[in-house]
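Student: Pasting in a structure now, in structure tokens, and then I'll have a few things to ask.
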Amino acid sequence: MLTDIIPAAWRKGIYAAYALVIVALGAVQVGFVTAQIGQPKWLTVALATAAYLGVAIGAMAASNTPAAAPRHAVDPVSGDGTPPPPTLS
């Protein structure tokens, strides 16, 4: 659904900016908790908004992550990616 709506270079910047905002908000919250003073309302609102936006950012990231190809054992004789024949043991 959200595949390639935003170019990859932009997505990289969005993910980095979001991560920096989350780290900054978390650091500010830790500061208020450590100082044992009340958390301001703007910080509560900012944390809730950032968490809400995280759902959309995570969905965008997941939509643009390619599915992993199945991994096969490499046949030591042929060297290609085909699985080796079963052995009777």
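The values are calculated or read from the model by the stated rules, or taken from the named source; none is laboratory data. Every value quoted in this text rests on a predicted model; they were computed, and no experiment measured them. All Cβ positions, even for glycine, are placed from backbone atoms using ideal geometry, and neighbour counts span all protein chains on display.
Student: List every residue pair whose Cβ atoms lie under 9 Å apart, where the two residues are 6 or more positions apart in sequence or sit on different chains, the first residue falls within segment 18-37 and is closer than 25 Å to ILE57 by Cβ, and the second residue, located anywhere, is among the basic types (Lys, Arg) and not in a helix (DSSP H, G or I).
Tutor: Short answer, once both residue conditions are applied: none.
Student: Now, a different point. Determine which single condition GLN36 fails, assuming it passes every other condition in (1) modelled with pLDDT of 75 or more; (2) at negative phi.
Tutor: The number of the failed condition is (2).
Student: Among the residues of segment 50-69, write down those that are small (Gly, Ala, Ser) and either within 18 Å of ALA17 (Cα to Cα) or at pLDDT 80 or above (or both). First the steps, then the outcome.
Tutor: Here is the first cut: in segment 50-69, the ones small (Gly, Ala, Ser) are 50-51, 54, 56, 58-59, 61-63, 67-69.
Answer for segment 50-69, where residues must be small (Gly, Ala, Ser) and either within 18 Å of ALA17 (Cα to Cα) or at pLDDT 80 or above (or both): ALA50, ALA51, GLY54, ALA56, GLY58, ALA59, ALA61, ALA62, SER63.
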